Amino acid sequence: MPTPIIQDLLTLSHEIGREDRGLAILGEGNTSVRLSDETFAVKASGTCLGNLKEEDTVECRFSALLPLLEKESLTDQEIDNALLASRVDPRAKKPSVEAIFHAWLLTLPGIKFVGHAHATAVNQVLCSPLARLFAAHRMFPDEIVCCSVASVLVPYTDPGLKLAQAIRQKTAAYIKKLARQPRVILIQNHGTITLGASWQAVLTAMLMAEKAAKVFVGAAVLGGPVFLSGKNVERIAGRPDEAYRQRALKM
Ligand SMILES: [Zn+2]
């Protein structure tokens, strides 16, 4: 039987991997959870979120992966070696190459779970010239409650070390500018990352980002979108009843 925390990771994975949701199919996407100050568990490379099992997760050491972020460049072989060396159990499967950005995001204060998907509607926007507008604006109140006041936008970057470095740079700039943690990170021509204190928060942000992308595409067809004003966005973000709803959603 998996431990309760690994069971939470499997539940999150199965929810993101549900085929009817169009968030991740086949081997797409990955998930992770912080287990302690020293280690985290992440989906193994090549496994499927929709039916992820305990043996498809790998416990990795932060101390083996975080220093990679300081390297100018590494060969694919050096990255592979570092991923394999980060495993607590050498018999475990190979961690996803995206384990490097999971490791860094899991060091942010209050972040315990991270999810990543190649969501269909979000990717419609991220593969269009309008990605920046989608990341910077909000269209309806629930989008603010579940996805915060704006999303981090990361330009397309080679998956692996370069992508992890770009995510770190753009996320740190967002936190500095907005003085809050992001709930959603968007990678152009690639997909969605959501992060939170619970698996429910990660799933909620993932589902709402996908819904917002559908609304965005539909509104664009009709000559929009019409965005909420900055004042209205801040008002919703600061309302006590919305904070209550966030707690109810385990956000
Ligand atoms: Zn990906």
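The values are calculated or read from the model by the stated rules, or taken from the named source; none is laboratory data. Everything quoted here is computed from the prediction, not taken from an experiment. Heads up, the Cβs are rebuilt from the backbone with ideal geometry, glycines too, and the neighbour counts pull from every protein chain shown. With ligands, DNA and RNA removed, areas are computed over all heavy atoms of the protein, side chains included. Shrake-Rupley method; radii C 1.70, N 1.55, O 1.52, S 1.80 Å.
For the range 72-120, the normalised intensity computed at q = 0.20 Å⁻¹ comes to -0.84 (log10 of I(q)/I(0), Debye sum over alpha carbons, equal scatterers, no solvent). Here the accessible area of the chain is 55 percent carbon and sulfur, with a 1.4 angstrom probe and all protein chains present. Taking amide H positions as modeled 1.01 Å from N, with prolines and chain starts lacking one, the residues under 5 Å from residue 39 and 5 or more places away or on another chain are 62.
With the largest listed first and rounded to whole Å, the semi-axes of the equivalent ellipsoid of the range 96-218 from the Cα gyration tensor are 20, 17, 13. Scoring 164-173, 181-190 by mean Cβ neighbours within 10 Å over their residues and listing the highest first yields 181-190, 164-173.
Give the average over all directions of the projected area of the C-alpha convex hull of the range 92-139, one decimal, in nm².
Reported value for the Cα convex hull: 5.3 nm².
The protection proxy used here, the mean number of other Cβ atoms lying within 10 Å of each residue, ranks peptides 232-240, 37-45 as follows, highest first: 37-45, 232-240. For the range 105-220, the per residue solvent-accessible surface stands at 36 Å², with DNA, RNA and ligands left out and a 1.4 Å probe.
In this structure, the pairs whose alpha-carbon distance is over 23 Å, taken from 211/250; 43/112; 53/93; 170/214; 162/211; 177/231, are 170/214; 162/211. Whole-Hz Karplus values for the range 212-226 come out as 4, 5, 5, 4, 4, 5, x, 5, 5, 4, 8, x, x, x, 8 Hz, taken residue by residue from phi with 6.51 cos²θ - 1.76 cosθ + 1.60 and θ = phi - 60°; glycine and proline positions read x. Seen from a random direction on average, the alpha-carbon convex hull of the range 37-124 projects onto 7.0 square nanometres.
Treating each Cα of the range 191-249 as an identical point scatterer and summing with the Debye formula, the log10 of I(q)/I(0) at q = 0.19, 0.26 Å⁻¹ comes to -0.91, -1.11. Between residue 156 and residue 244, the simple spin-label model (points 7 angstrom out along Cα→Cβ) gives 4.6 nm.
Taking the inverse of the mean 1/r over every pair of distinct Cα atoms in the chain gives a Kirkwood hydrodynamic radius of 18.2 Å.
Placing one identical point scatterer on every Cα of the range 149-230 and ignoring solvent, what is log10 I(q)/I(0) from the Debye formula at q = 0.25 Å⁻¹? Cα-only, vacuum Debye calculation for the range 149-230: -1.27.
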